[in-house]
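S.K.: One structure, pasted below without further comment.
No lab work stands behind these numbers, since they all come straight from the coordinates. All of these numbers come straight from a predicted model, not from anything done at the bench. Note that each Cβ is placed from the backbone with ideal geometry, even for glycine, and that neighbours are counted across all protein chains shown.
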Amino acid sequence: MKYISTRGDRTPKGFSDILLEGLAPDGGLYLPERYPQVDLATLERWRSLNYADLAFEILSRYIDDIPAQDLRRLVGQTYTAEVFGTPEITPLKQLQPGLYLEALSNGPTLAFKDMALQLLGALFEYELARRGQTLNILGATSGDTGSAAEYAMRGKKGVRVFMLSPHQRMSPFQQAQMFSLQDENIHNLCIQGVFDDCQDIVKAVSADLDFKRRYRIGTVNSINWARLLAQVVYYFAGYFQATTHSSQRVSFAVPSGNFGNVCAGHVARMMGLPIAHLVVATNENDVLDEFFRTGTYRVRTSTQTWETSSPSMDISKASNFERFIFDLLARDANQTAQLFGTAVAQEGGFTLSPALRERAAGHGFVSGKSTHADRLRTIRHAWAQWQAVIDPHTADGLKVALEHLEPGVSMVVLETALPVKFAGTIVEALGREPDRPAALKDIEQLPKRFEVMPVDVAAVQQFIRAHVQVSAS
């Protein structure tokens, strides 16, 4: 299996190469040359597998440059009940007949990002040891990616993490999870802007090929294919739990800002998983909802990006969206580069032709938007109706899921995080604090270590230079 860029670089690369590289040299995102196909017989065979074995079966179809026994060991050591709290790893909770929540937030940082990043940490350490190399990870987070990446990479040999986050735009719990880490290989940089500014800095640094190679820069954001690939697994796991045989179809509702989580669902669907619809749920920052309703992808500026009560989705430039558009354009890299490298960069967006809009509809996407008032109502409804306490992002997903229920098609809502990460909104909705794991009691009072920086690519590069030199001396 080889990988190519969405913007035209067709130099064939193996999985281990793009694992450490992240963004392609031409600024595009990596995708496999083809999606492995899964037939009904294979689906039925996979139905009885535990999560780790299912993950191995899926990942091994994309990874052929890591020996199978090593890959199976890494996967088996990652997806355990000790790490994720239950043997099922991602159990379904039935809310009502045909409507489910898939629990993705039982990992170390209580967010779905753990599902991929725990494996990514193991893969990085394995591959760097195999090559005798080091890696400096540069990432951007709107809340959950940062803590999940840092908890996955802390203490890992050969790995340093430089995580960018929007200054004072995460919940107190999210900030405490990241900033309280005192590990020498973890660096938190608070950027005086919004998430999209952080993401733009990561892309700019990655596009500086000399700097990237000299300082061995890699990524853990969902622009890294390995992370997105790991997320494909829980679509299969959710499907098997919601069905009794593989002739049934299932829809998935996905809270979405950067399009990474739902893009994994797109990959699962392209492989042959019987997905009826992928329901894209946005908050007030509704770039993706606007696209799926109108065919226009219109990026917002920093000043046009709302600060909301589902802050991990306060994103107005969806990086992973390029992967879907590449597939939509029948993998025309020149056209993809024109849209994202020129139209988005210079004109702030693009509008699909009627023919492409019709083709896009064939990929099963539908969408909807949720506001602060909506998520408060949905949190209250979930508690009153099903005694389920859900976080604000999951509430966005549930609100839009309820608008797209179909007779005979089960709907699985992907849980985003545990409610404790957004206690203020839960108190506003239900009048009480959400439950908190004992190990995280008073985490907000722990000493914090972080740097506040302007929206400045050069300043971030200088910080990396200084701290890589210090660490290496």
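S.K.: Over the chain, calculate the relative contact order: mean separation of alpha carbon pairs under 8 Å at least 6 apart, over the residue count, as a percent. Mind dumping the intermediate values first?
M.R.: Numbers: 916 pairs, mean separation 89.6, N = 473.
Relative contact order, the chain: 19 percent.
S.K.: Now, a different point. Mind sorting TRP225, TRP46 by how few other Cβ atoms lie within 10 Å of their own Cβ, fewest first?
M.R.: Working: TRP225 22, TRP46 18.
Ascending number of Cβ neighbours within 10 Å: TRP46, TRP225.
S.K.: Count the lysine pairs in the chain whose Cα atoms lie under 16 Å apart, taking only pairs 8 or more positions apart in sequence or on different chains.
M.R.: On the way: LYS2/LYS13; LYS113/LYS421; LYS203/LYS212; LYS203/LYS317; LYS369/LYS399; LYS421/LYS441.
Count of close lysine pairs: 6.
S.K.: What number comes out for the charge environment of SER142, summing +1 per Lys or Arg and -1 per Asp or Glu over other residues with Cβ under 10 Å away? Write down the numbers at each step before the final one.
M.R.: Working: positive: ARG169; negative: ASP144, ASP196, ASP314.
Charge balance in the 10 Å sphere: -2.
S.K.: What size of dipole, in debye to the nearest 20, comes out for the stretch 124-260 about its Cα centre when the only charges are +1 on Lys and Arg C-beta atoms and -1 on Asp and Glu C-beta atoms?
M.R.: 440
S.K.: What residue among GLY158, GLY22, PRO12 has its Cα farthest toward the positive end of the dipole of the stretch 12-158, where the charges are +1 on Lys, Arg and -1 on Asp, Glu, each on the Cβ?
M.R.: Going by the charge dipole, the pick is GLY158.
S.K.: Positive end of the dipole of the stretch 347-409, charges at C-beta (+1 Lys, Arg; -1 Asp, Glu), about the Cα centre: which of PRO407, SER370, ALA360 has its Cα farthest in that direction?
M.R.: Value computed over the given set: SER370.
S.K.: Continuing with the same structure: Only Lys, Arg, Asp and Glu count, each charged at its Cβ (+1, +1, -1, -1), so figure out the dipole size of the chain about its Cα centre, rounded to 20 debye. Don't skip to the end; give the middle numbers.
M.R.: Details: 47 positive and 51 negative charges, 107 e Å.
Once rounded to the nearest 20, the dipole reads 520 debye.
S.K.: Once phi is turned into ³J(HN,Hα) by the Karplus curve 6.51 cos²θ - 1.76 cosθ + 1.60 with θ = phi - 60°, what whole-Hz value does each residue of the stretch 127-140 show in order, with x for glycine and proline?
M.R.: My calculation for the stretch 127-140 gives 5, 5, 5, 5, 9, x, 10, 10, 9, 10, 7, 10, x, 10 Hz in order.
S.K.: Only sites in a loop by DSSP and with at most 13 other Cβ atoms within 10 Å count here; which GluC sites (Glu not before Pro) in the stretch 247-344 make the cut?
M.R.: Working: sites: GLU284, GLU290, GLU307, GLU322; in loops: GLU284, GLU307.
Sites meeting the loop and neighbour criteria: GLU307.
S.K.: Counting other beta carbons within 10 Å of each residue's own, what order do TYR235, TYR79 fall into, fewest first? All intermediate terms of the calculation are to be shown ahead of the outcome.
M.R.: Details: TYR235 29, TYR79 26.
Placing the least packed residue first, the sequence is TYR79, TYR235.
S.K.: If amide H atoms are built 1.01 Å from N in the plane of the peptide, which residues on other chains or at least 5 residues away come under 5 Å of the amide H of LEU164?
M.R.: Distant-sequence amide H within range of LEU164: GLY139, ALA140, THR141, LEU189.
S.K.: Which Rg and Dmax, in Å, describe the Cα atoms of the chain?
M.R.: Computed over the Cα atoms of the chain, radius of gyration and Dmax are 20.7, 64 Å.
S.K.: Based on DSSP H runs of at least 4 residues, each adding -39500 (n - 2.57), what is the mean residue ellipticity at 222 nm of the chain after dividing by all its residues, to the nearest 500 deg cm²/dmol? Present the calculation step by step, with values, prior to reporting the outcome.
M.R.: Working: 20 runs with 202 residues, N = 473.
The per-residue figure over the chain is -12500 deg cm²/dmol.
S.K.: What ranking of LYS157, LYS369 emerges when the number of other C-beta atoms within 10 Å of each C-beta is taken as an exposure proxy, fewest first?
M.R.: Numbers: LYS157 10, LYS369 20.
With the sparsest Cβ surroundings first, the list reads LYS157, LYS369.
S.K.: Can you pull out the GluC sites (Glu not before Pro) in the stretch 44-148 whose DSSP state is coil and whose Cβ has at most 16 other Cβ atoms within 10 Å? Please list the in-between numbers first.
M.R.: Details: sites: GLU44, GLU57, GLU82, GLU88, GLU102, GLU125, GLU127; in loops: GLU88.
Sparse-neighbourhood loop GluC sites (Glu not before Pro): GLU88.
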